[in-house]
1. What is the sum of charges around PHE223, taking Lys and Arg as +1, Asp and Glu as -1, for the other residues whose C-beta is under 14 Å from the C-beta of PHE223?
2. For GLY169, enumerate residues with amide H under 5 Å from its amide H, sequence gap 5+ or separate chain, H modeled in the peptide plane.
3. Would you be so kind as to identify which of LEU256, GLY218, ALA43 lies farthest towards the positive end of the dipole of the chain, taking Lys and Arg as +1 and Asp and Glu as -1 on Cβ and the Cα centre as origin?
4. Per the helix-only calculation at 222 nm, which mean residue ellipticity applies to the chain, given -39500 (n - 2.57) for every DSSP H run of n ≥ 4 and division by its residues, nearest 500 deg cm²/dmol?
5. Straight-line reach from LYS240: which lysines have a Cα under 29 Å away, not including same-chain ones fewer than 8 places off?
6. Under a 1.4 Å probe, what is the accessible area of the range 100-176 per residue, stated in Å²?
7. Sequence gap at least 6, Cα distance under 8 Å: using those rules, report the relative contact order of the range 139-309 to the nearest whole percent.
8. Using the Karplus curve 6.51 cos²θ - 1.76 cosθ + 1.60 with θ = phi - 60°, what ³J(HN,Hα) values do you get for each residue of the range 20-31, in whole Hz, with x for Gly and Pro?
Amino acid sequence: MAKLAAAPKPRSGAEIILGIESSCDDTAAAVLIDGVVRSNVVAGQEVHRQWGGVVPELASRAHQQNLVPVVHEALRRAGIGPREITAVAFTQGPGLIGALLVGACFARSMAQALGVPLIAVDHLQAHVLAHFIPGQGAIPELPFINLTVSGGHTRIVHVRSPLDMEVIGTTLDDAAGEAFDKGAKLLGLAYPGGPLIDQWARRGDPQRFRLPLPQVDGLNMSFSGVKTAFRDLVRHTMEKDPAPSEQTRADLAATLQRTIIEVLVEKLIAAVDRVGCDRIGVSGGVSVNSGLRDRLQGEGRARHWTVHFPHPEYCTDNAAMIAMAGRSLLHAGIVASLDVVPHARPPK
Ligand code: KG4
Ligand code: ZN
């Protein structure tokens, strides 16, 4: 976690937003004071590891256990008490409905008890607005194209302003993060596999094996074919060599990573051509991937793009981005009613 400044007492009349995130398997709370992150606490859920993927019912239960201590810790680190909060922002969706309900119910109760505005945040919009969390150096200049790559979603977005975003490309099936996680499972790696594929791929030869690239028109993408082709490749390799060496496993990981990156980069190049905008943002959990970062930095230099990534702490699921998005909505006067409900799917 990034080092936070020692918590000074907020000025009287400060804007203090509590952000809450519970869309998947991370329970997170953050405090944003006058636009500055004062605490950002994330509790992961170990319980899913033994199942090799997120089990929705277990996620809901873990959120119920974790949420109060996580919020308490976020307030403690920010040096504030609950009565000083001036707005509560929470993830309304998309995500696992049971998990979202835990965060939504908590946020609604807290806003009602404190008599402060409640702000319902779209998780994918928040992944984009993670770029604007202060303290990360240069931020993308508007308008820009954002590649949002997470475990549940993969999309290309034309960002005209913090609240004006157009989805111009999306995956038609699996998300890029799912392809990483499912591929890792095939290699016998733990969940979530994305970070482990990243580590293994660094030692591997990405050219030793080949996977076909999906053929999808326009800016949309597909990863289910990549996943199936990788499963066949792993099976075929294991048939010939039932106990593959570390090098072979690293080469397989590098091949999977290179193919996923290839799909993302090809579509990003097409998006830049279509929109005519050379300012790029990349966010969401998969944007931590070192291969993707290196490749896009290289493309950026070659094509004269400016490429921005949030700090890794703000790429994977976190509540600072929820509070940040909440701030934009609050300033635009967009607040939720106390009977607001979460939604599992992105709004149409
Ligand atoms: O944004 P995120 O934390 O949660 C969702 O909104 O889904 O993204 C989680 C995804 C997982 O699939 C995880 O494996 C992937 O991000 N991920 C990575 C890396 N770090 C996290 N994938 C590839 N390389 C990484 N270094
Ligand atoms: Zn996410």
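The values are calculated or read from the model by the stated rules, or taken from the named source; none is laboratory data. All values derive from a computational prediction rather than experimental measurement. Glycine gets a Cβ as well: all are built from the backbone with ideal geometry, and neighbour counts include every protein chain shown. We work out accessible area using only protein heavy atoms, side chains counted, and drop any ligands, DNA or RNA first. Shrake-Rupley method; radii C 1.70, N 1.55, O 1.52, S 1.80 Å.
1. 0
2. ILE156
3. ALA43
4. -13500 deg cm²/dmol
5. LYS182, LYS185, LYS227
6. I get 34 Å² per residue for the range 100-176.
7. It comes to 30 percent, rounded to a whole number.
8. Coupling constants for the range 20-31: 10, 10, 8, 7, 9, 10, 10, 9, 9, 9, 9, 10 Hz.
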